[in-house]
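Structure record follows, encoded as structure tokens.
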Amino acid sequence: MATFGNLSDRLAETFKHLRTKGKLSASDVDGTVREIRRALLDADVSLDVVKQFTSTVRERALGDEVNKALNPAQQVVQIVNEELVAILGGQQRRLQFAKTAPTVIMLAGLQGAGKTTLAGKLAKHLVKEGHTPLLVASDLQRPNAVNQLQVVGSQAGVPVYAPEPGNGVGDPVKVAKDGVEQARRAQHDVVIIDTAGRLGVDAEMMKQAANIRKATNPDEVLFVIDAMIGQDAVATAKAFQEGVDFTGVVLSKLDGDARGGAALSVASVTGRPIIFASTGEGLDDFEPFHPDRMASRILD
Ligand code: GDP
């Protein structure tokens, strides 16, 4: 993944040095841990996450599992892999469906994070899995958002519930509620609610998102975060966690060439799992997130 290209190269270089050693001395371990620490920080992984990560890796690398290993260097790489999987959330977490349809999925995140695009991607993915989603246009902030949702909806072959044209700006909370009602009436088994974001964290936007959450009682609230926003990712994620208490994370724009490490910190900092990854502008550039596969890609 482009976003982690540089991090991958740096870690590969570190492990190459390590592999030239037989038994590992404490100073070999410390040197390696120091290089890993620098590589993670340079990739924008948050300091707290890096500290915790490197101290666990160091402790394990100095312990018996490495000391007794046939190939100590390989064992350290394995430890780094396992700890990377852990900060990415451990086990894969699948989307949760309601026992009684419709399952309500609300999207939240800053403007430009990729919510509307994700709504289309998720709808298409769910159709492939045999679901009958309805998209709901509750982003009434951005003039073109409703139209954009209609475009991705038609690309995905999924209907869109939107306020009637000419109905003025409308009330996003009412649209969301009516959308869920519409899904129930028309027997859609999943509702995906697109909501408004702002360029930065904003009290009014957060209140609106919280009100939509209250009014629709979603089974999932997915926080969409642009992997390219760098160090702001952690503060933004914390603000949304406090504001809307999201249940899962979607990393978007993992195809970009900026450093994506901050986004890697989000699961660890919020304790919420990453459920999907978005890797491009097309509706098929999307995949369920697997912590172990992501860790392997980074360490490849
Ligand atoms: P919203 O404001 O959160 O609804 O964000 P949009 O869905 O409108 O996305 C903002 C911009 O990012 C659009 O130009 C999208 O085409 C683009 N975009 C969304 N997801 C991705 C992605 O995974 N990769 C890339 N490269 N662009 C994306």
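The values are calculated or read from the model by the stated rules, or taken from the named source; none is laboratory data. Just so you know, these numbers come straight off a predicted model, no measurement behind them. As a convention, Cβ positions derive from the backbone with ideal geometry for all residues, glycine included, and neighbour counts pool all protein chains shown. Just the protein is used for accessible areas: all its heavy atoms, side chains included, with ligands, DNA and RNA removed. Shrake-Rupley method; radii C 1.70, N 1.55, O 1.52, S 1.80 Å.
If the condition is being open to solvent by 30 Å² or more (accessible area, probe 1.4 Å) and touching a residue at least 40 places away in the same chain (Cβ under 8 Å), then the range 189-228 contributes D189, R198, L199, G200, V201, R213, A215, N217, D219, M228. The condition of being at pLDDT 95 or above, within 13 Å of the ligand (Cβ to nearest atom) and in contact with a strand residue (DSSP E or B) (Cβ under 6 Å, 6 or more places away or on another chain) holds for only one of V244, V221, V250, that being V250.
For the range 102-112, filtered to residues that are within 8 Å of the ligand (Cβ to nearest atom) and over 14 Å from the mean Cα position of the chain (by Cα), the residue that is least open to solvent (accessible area, probe 1.4 Å) is G112.
Taking D139 and the conditions (1) among the charged types (D, E, K, R); (2) within 16 Å of the ligand (Cβ to nearest atom); (3) modelled with pLDDT of 95 or more, which numbered condition does it fall short on, given that it satisfies the others? It is condition (3) that D139 fails. Kindly indicate which of V152, V127 is surrounded by fewer than 17 Cβ atoms within 10 Å (Cβ to Cβ), of a type in the set (A, V, I, L, M, F, W, C) and over 19 Å from V266 (Cβ atoms). Of the residues listed, the single one that is surrounded by fewer than 17 Cβ atoms within 10 Å (Cβ to Cβ), of a type in the set (A, V, I, L, M, F, W, C) and over 19 Å from V266 (Cβ atoms) is V127.
Every residue, every condition in (1) touching an Asp or Glu at 6+ places or on another chain (Cβ under 6 Å); (2) more than 25 Å from R38 (Cβ to Cβ); (3) open to solvent by 10 Å² or more (accessible area, probe 1.4 Å), yes or no:
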{"site": "A239", "(1), (2), (3)": "no, yes, yes"}
{"site": "T247", "(1), (2), (3)": "yes, yes, yes"}
{"site": "V250", "(1), (2), (3)": "no, yes, no"}
{"site": "V269", "(1), (2), (3)": "no, no, yes"}
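Per the listing A263, A235, A295, the residue uniquely assigned to a helix (DSSP H, G or I) and surrounded by fewer than 19 Cβ atoms within 10 Å (Cβ to Cβ) is A235. Among what's in the range 274-289 and is closer than 19 Å to V221 by Cα and open to solvent by 30 Å² or more (accessible area, probe 1.4 Å), pick the residue that is nearest to the ligand (Cβ to nearest atom). My answer is E287. Out of K128, K115, K174, one residue alone is away from the ligand (no atom under 14 Å from the Cβ) and within 20 Å of I212 (Cα to Cα). It is K174. With respect to (1) part of a helix (DSSP H, G or I); (2) surrounded by 14 or more Cβ atoms within 10 Å (Cβ to Cβ), the lone exception for D9 is condition (2). Tell me, yes or no, whether the range 252-260 has at least one residue that is hydroxyl-bearing (S, T, Y), buried (at least 19 other Cβ atoms within 10 Å of the Cβ) and more than 27 Å from D178 (Cα to Cα). Yes, that holds for at least one residue.
Residue-wise test of (1) at pLDDT 90 or above; (2) surrounded by 14 or more Cβ atoms within 10 Å (Cβ to Cβ); (3) more than 18 Å from the chain's Cα centre (by Cα).
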{"position": "K16", "(1), (2), (3)": "yes, no, yes"}
{"position": "K23", "(1), (2), (3)": "no, no, yes"}
{"position": "L41", "(1), (2), (3)": "yes, yes, yes"}
{"position": "L47", "(1), (2), (3)": "yes, no, yes"}
{"position": "T56", "(1), (2), (3)": "yes, yes, yes"}
{"position": "V77", "(1), (2), (3)": "yes, yes, yes"}
{"position": "T100", "(1), (2), (3)": "yes, no, yes"}
